[in-house]
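Trainee: I have a structure here, written as structure tokens, and I will follow up with some questions on it.
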Amino acid sequence: MPSIRDLHEQLVKKERSAVEITQAALDRIAAVDGKVQSFLCVTADKALEQARAVDAKIAAGENIGILAGIPIGIKDNMCTQGIPTTCASRILENFIPPYESTVTQKLFAAGAVMVGKTNLDEFAMGGSTETSAYKQTANPWDLSRVPGGSSGGSAAAVAAGECVVSLGSDTGGSIRQPASFCGVVGIKPTYGLVSRYGLVAFASSLDQIGPFSRSVEDAAILLNGIAGYDAKDSTSLKVEIPDYTANLQPDLKSYGKSHGKKIRIGIIRETFGEGLDSQVEQAVNKAIEQLKDLGAEIVEISCPRFRYGLPSYYIIAPSEASANLARYDGVKYGVRAEDADNLLSMYNRTRANGFGAEVKRRIMIGTYALSAGYYDAYYLKAQKVRTLIKQDFENAFAQVDVLVSPVAPTTAFKAGEKTTDPLSMYLIDLMTIPVNLAGLPGISVPCGFDDAGMPIGLQLIGNVLQEEKLFQVAYAYEQSTDWHLREPKIG
Ligand code: GLN
């Protein structure tokens, strides 16, 4: 699949039309999605209509933006007007949003072409896309393995060449971990950088939308298209949005020159050692060596409270989820149990039939942690731990520009391997969760493959609103490797 810039050039030079590009993506979906199962719904008619509008602009001699005519997949927890938005849940099986989320509205205004809505863990709760009520997405590199989650459909769709870029959401790692498992780039921006208006809420203090792509430059281009203040989201940041592609240089020496000192990258000591797969460790260490060769100064950093991230997240996220999911009661929208004889039993049956096991588990943990007798012991304590983790990052960023770690302790595992043991599934998020708790940006870039041929990801973490620096480091690293150029052979 060509890059956004290549496709843009082809369009501008009239070598290919937007309809041809869109049709190629739709053909690819038809050819491989029976195996990969990235999409919950393919929006071919809308895609071709959007593509025709771009072609009409080109024919009329109008300028088109860089995202015009680019096929894109949207995680099915972002509202798309007139198009089903299910969150991979039975309870929203019949939900057709009457409004457009800010991200899709921005992308459509820029001429992007939506080819479909991608599969996810139900309400984005999970790490393998296996809690989807509708289908199991496969990892394009090995169809017997999971694509990661919860944005597994969006990651797999890009890896399988079914679209050029896609959007996911990341509450505890759901962009970075599937990006790592599928060998693509995924970035979770700073909390509040991208509007969450129209994103179905999971844990509101953690959720953030971000891009998946084959290359760092494509991710930067897509983030340019979706970042920015939105009055419809009260947590949206009112900040100047830079051009995220402006500092993409093939090495880090120019950073050194313009800043009078080398860029400092800190290895988070606590993310190495016990529990980390040795091949993942090797690949990440090699990547760190490469960053040094590219002109970075490498130091070791300790974040001692990092390990409390996981337990505090699994109190905070379910607590917020239990409140957010209270709205699915069969009254306002979504599925309603029709066989109930009074209001209470209608609520109960709607929720009992509508939610899957993992969602119910989270609701139960959340309501328990928030209940009067336990609030102080669990929720309040978890929030205090969250502050300590933030302090660890503040200390770290007083010493370095960017932090580095593995994305996940392992590569993609076999489907079914962890479904009976929720705790083992939760442990996958060990290294991504602290970043959400602190509201920071984090990117996953491909940094190798294990012996089974499964991709490995490198996580780079920046301070608040330091996306530019993250892209700069990620790009320099990417350009010195060929991991991102490899493609899976599907089937
Ligand atoms: N896997 C984590 C969870 O299950 C993170 C999910 C996410 O980021 N949406 O909560």
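Trainee: Taking the criterion of being among the polar types (S, T, N, Q), closer than 15 Å to residue 443 by Cβ, buried (at least 21 other Cβ atoms within 10 Å of the Cβ) and at pLDDT 95 or above, would at least one residue in the range 209-219 satisfy it?
Mentor: Within the range 209-219, one or more residues are among the polar types (S, T, N, Q), closer than 15 Å to residue 443 by Cβ, buried (at least 21 other Cβ atoms within 10 Å of the Cβ) and at pLDDT 95 or above.
Trainee: Evaluate the following for residue 116: is it in contact (Cβ under 8 Å) with a residue 12 or more places away in the chain, within 11 Å of the ligand (Cβ to nearest atom) and surrounded by 24 or more Cβ atoms within 10 Å (Cβ to Cβ)?
Mentor: Taking the combined requirement at face value, the residue does not satisfy it.
Trainee: On to the next question. Output the residues belonging to the range 381-399 that are open to solvent by less than 10 Å² (accessible area, probe 1.4 Å) and out of contact with any helix residue (DSSP H, G or I) (no Cβ under 7 Å at 6 or more places or on another chain).
Mentor: 393, 396 - these are the residues of the range 381-399 that are open to solvent by less than 10 Å² (accessible area, probe 1.4 Å) and out of contact with any helix residue (DSSP H, G or I) (no Cβ under 7 Å at 6 or more places or on another chain).
Trainee: Considering only residues of the range 458-469 that are of a type in the set (A, V, I, L, M) and in a strand (DSSP E or B), which is surrounded by the fewest Cβ atoms within 10 Å (Cβ to Cβ)?
Mentor: 460
Trainee: Out of 180, 174, 169, 204, report the one residue that is among the polar types (S, T, N, Q) and open to solvent by 30 Å² or more (accessible area, probe 1.4 Å).
Mentor: None of the others qualify; the one that does is 204.
Trainee: Another question about this same structure. Given the conditions (1) touching a Pro at 6+ places or on another chain (Cβ under 7 Å); (2) away from the ligand (no atom under 16 Å from the Cβ); (3) in a helix (DSSP H, G or I), and given that residue 163 satisfies all but one, which numbered condition is not satisfied?
Mentor: Single failed check for residue 163: (3).
Trainee: Take the residues of the range 252-264 that are open to solvent by less than 50 Å² (accessible area, probe 1.4 Å) and of a type outside the set (S, T, N, Q): which is modelled with the lowest pLDDT?
Mentor: Among those that are open to solvent by less than 50 Å² (accessible area, probe 1.4 Å) and of a type outside the set (S, T, N, Q), it is 256.
Trainee: Looking at (1) among the aliphatic types (A, V, I, L, M); (2) in contact (Cβ under 8 Å) with a residue 40 or more places away in the chain; (3) within 21 Å of residue 180 (Cβ to Cβ); (4) within 16 Å of the ligand (Cβ to nearest atom), find the lone condition where residue 403 falls short.
Mentor: Condition not satisfied by residue 403: (4).
Trainee: Scan 441, 455, 446 and give me the residue that is crowded, with 20+ Cβ neighbours inside 10 Å, farther than 16 Å from residue 211 by Cα and either among the acidic types (Asp, Glu) or in contact with a Gly (Cβ under 8 Å, 6 or more places away or on another chain) (or both).
Mentor: Unique residue meeting the criteria: 455.
Trainee: Still on this structure, please answer the following. Give the residues of the range 326-352 that are within 18 Å of residue 85 (Cα to Cα) and either of a type in the set (Phe, Trp, Tyr) or open to solvent by 90 Å² or more (accessible area, probe 1.4 Å) (or both), sorted by residue number.
Mentor: 327, 328, 332, 333, 336
Trainee: Of all residues in the range 45-73, which are in a loop (DSSP other than H, G, I, E, B) and more than 17 Å from residue 166 (Cα to Cα)?
Mentor: 60, 61, 62, 63, 64, 65, listed by residue number.
Trainee: Sticking with this one: When you look at residue 17, is it out of contact with any Ser or Thr (no Cβ under 6 Å at 6 or more places or on another chain), at negative phi and buried (at least 21 other Cβ atoms within 10 Å of the Cβ), yes or no?
Mentor: Considered against the rule, which asks whether it is out of contact with any Ser or Thr (no Cβ under 6 Å at 6 or more places or on another chain), at negative phi and buried (at least 21 other Cβ atoms within 10 Å of the Cβ), residue 17 comes out as no.
Trainee: Now, a different point. Name the residues in the range 145-165 that are surrounded by 24 or more Cβ atoms within 10 Å (Cβ to Cβ) and not small (Gly, Ala, Ser), would you?
Mentor: 146, 147, 158, 162, 163, 164, 165
The values are calculated or read from the model by the stated rules, or taken from the named source; none is laboratory data. Being a predicted model, the structure only gives us computed values, none of them experimental. No Cβ is skipped: glycine too gets one built from the backbone with ideal geometry, and neighbour counts run over all protein chains shown. When the accessible area is computed, the model is the full protein with side chains, heavy atoms only, and any ligands, DNA or RNA have been set aside. Shrake-Rupley method; radii C 1.70, N 1.55, O 1.52, S 1.80 Å.
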